[in-house]
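> Attaching a single structure in structure tokens format; questions to follow.
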Amino acid sequence: MARDILIRGTGEIASAIACHLTWAGCRVALQSSRPPIAIRRRMAFSDAYFQGTAELEGLCARRLGDARSMGLAWDAGEVPLLAMEFQAALGARPWAVLVDARMNKQQAPEPQIGLAPLVIGMGPGCAIGVNVDVAVETSWDQLGQVVRRGSTLMLAGEPRAVLGQARSRFRYAPVAGILRSEAAIGQRVREGQVVARIGDAVVRALFDGIVRGLTHDGVPVEKGNKIAEIDPRPGEVKLAGIDERPRRLAEAVTSIVLG
């Protein structure tokens, strides 16, 4: 009998988990209560929130505003994206597993134990027996390690450097407001080129490269949100599909679920 699994989040990690669990025979739904700020949108199902559908690795996600349509989506081989408040999605059916893949590194997940028979957390802030039942490390140092007691590693260090660019690869919202994109994923940009605007504030590339990630145009963002990624490897960097880190995390979650 298929396991029914609810995944909080629509970014590249949540989407990779959805793919792997679907391939394993589970019935999976994603949930988002607000327009996603995901940047690597060609590596995620997040654009289904805006466009109605999105494809990743041969699977289609479909935005649903009514959870009663989930069965039809599953019958069609699709991944439902529930565009609704979390409590509404949670109450839609008796989920066997809840996966919190929102990846909010700055804030520990709220207590979720008991919301499903098995609650899986991802990354910093997860405490076993406190807010989740089991967790998966998301840092490169212990990537994919399953944590069944204690807590996950605290957020530390810088992003991995690519051709000498680490934190500089990512651009963050300087102010809160509505993001207006002035570039597109896959576009080559030059140092200083504007890739997005938020009101009167501009977000520029810090070096020559290719836009690997960019939050969807028109999305409200908070100050400090990650909104863009510039990669210094035009022609080499992966822009679409499931990348190594999300794949390894998805494999870890799948191993927990299948037990």
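> Would you be able to tell me the number of residues in the range 1-25 that are part of a loop (DSSP other than H, G, I, E, B) and within 11 Å of the chain's Cα centre (by Cα)?
The total comes to 2.
> For residues that are touching an Asp or Glu at 6+ places or on another chain (Cβ under 9 Å) and part of a loop (DSSP other than H, G, I, E, B), scanning just the range 125-155, find the one that is surrounded by the fewest Cβ atoms within 10 Å (Cβ to Cβ).
Across the range 125-155, the extreme among qualifying residues is ARG148.
> Moving to a separate point now. Among the residues that make up the range 231-238, is at least one of them among the acidic types (Asp, Glu), without any contact (Cβ under 8 Å) to a residue 12 or more places away in the chain and at negative phi?
Yes, that holds for at least one residue.
> Testing PHE170 on (1) buried (at least 17 other Cβ atoms within 10 Å of the Cβ); (2) closer than 22 Å to GLU229 by Cα; (3) of a type outside the set (Asp, Glu); (4) at pLDDT below 95, one condition comes back false. Which one is that?
(4)
> Another one. Which members of the range 26-40 meet the condition of being under 9 Å from the mean Cα position of the chain (by Cα) and of a type outside the set (A, V, I, L, M, F, W, C)?
PRO36, ARG40
> Checking the condition assigned by TED's automatic domain parsing to the domain that holds TRP95 and under 17 Å from ILE17 (Cα atoms), which residue from ILE120, ILE128 passes?
Going through ILE120, ILE128 in turn, just one is assigned by TED's automatic domain parsing to the domain that holds TRP95 and under 17 Å from ILE17 (Cα atoms): ILE120.
> I'm trying to understand the selection: among the residues of the range 17-31, which are touching a strand residue (DSSP E or B) at 6+ places or on another chain (Cβ under 8 Å) and small (Gly, Ala, Ser)?
ALA18, ALA29
> Checking GLY235 against (1) in contact with a helix residue (DSSP H, G or I) (Cβ under 8 Å, 6 or more places away or on another chain); (2) surrounded by fewer than 18 Cβ atoms within 10 Å (Cβ to Cβ); (3) not polar (S, T, N, Q): exactly one of these is not met. Which one?
Of (1) in contact with a helix residue (DSSP H, G or I) (Cβ under 8 Å, 6 or more places away or on another chain); (2) surrounded by fewer than 18 Cβ atoms within 10 Å (Cβ to Cβ); (3) not polar (S, T, N, Q), only one is false for GLY235: (1).
> Return yes or no: is CYS60 touching an Asp or Glu at 6+ places or on another chain (Cβ under 9 Å), surrounded by fewer than 23 Cβ atoms within 10 Å (Cβ to Cβ) and under 22 Å from LYS238 (Cβ atoms)?
Spelling it out, CYS60 is indeed touching an Asp or Glu at 6+ places or on another chain (Cβ under 9 Å), surrounded by fewer than 23 Cβ atoms within 10 Å (Cβ to Cβ) and under 22 Å from LYS238 (Cβ atoms).
> What is the one condition in (1) outside the structural domain of THR22 (by TED's automatic domain parsing); (2) over 28 Å from ALA48 (Cα atoms); (3) surrounded by fewer than 16 Cβ atoms within 10 Å (Cβ to Cβ) that PHE207 does not satisfy?
For PHE207, the exception is condition (3).
> Still on this structure, please answer the following. Return the only residue of ARG169, ARG204 being touching a strand residue (DSSP E or B) at 6+ places or on another chain (Cβ under 9 Å), touching a residue at least 60 places away in the same chain (Cβ under 8 Å) and among the basic types (Lys, Arg).
Being touching a strand residue (DSSP E or B) at 6+ places or on another chain (Cβ under 9 Å), touching a residue at least 60 places away in the same chain (Cβ under 8 Å) and among the basic types (Lys, Arg) holds for just one of ARG169, ARG204, which is ARG169.
> What single numbered condition from (1) out of contact with any helix residue (DSSP H, G or I) (no Cβ under 8 Å at 6 or more places or on another chain); (2) within 24 Å of ARG245 (Cβ to Cβ); (3) surrounded by 18 or more Cβ atoms within 10 Å (Cβ to Cβ) fails to hold for GLU78?
Here GLU78 clears every test but (2).
> Here's another thing I want to ask about it. Name the residue, out of ARG93, ARG8, that is of a type outside the set (Asp, Glu), touching a residue at least 60 places away in the same chain (Cβ under 8 Å) and under 19 Å from ALA252 (Cα atoms).
ARG8
> Touching a residue at least 24 places away in the same chain (Cβ under 8 Å), over 18 Å from ARG102 (Cβ atoms) and of a type in the set (A, V, I, L, M): is that true of LEU21 in this structure?
The answer is no for LEU21.
> Between ILE185, ILE230, which is under 22 Å from the mean Cα position of the chain (by Cα), buried (at least 16 other Cβ atoms within 10 Å of the Cβ), β-branched (Val, Ile, Thr) and farther than 19 Å from TYR49 by Cβ?
ILE230
The values are calculated or read from the model by the stated rules, or taken from the named source; none is laboratory data. Being a predicted model, the structure only gives us computed values, none of them experimental. Ideal geometry is used to build each Cβ from the backbone, glycine not excepted, and the neighbour counts take in all protein chains shown.
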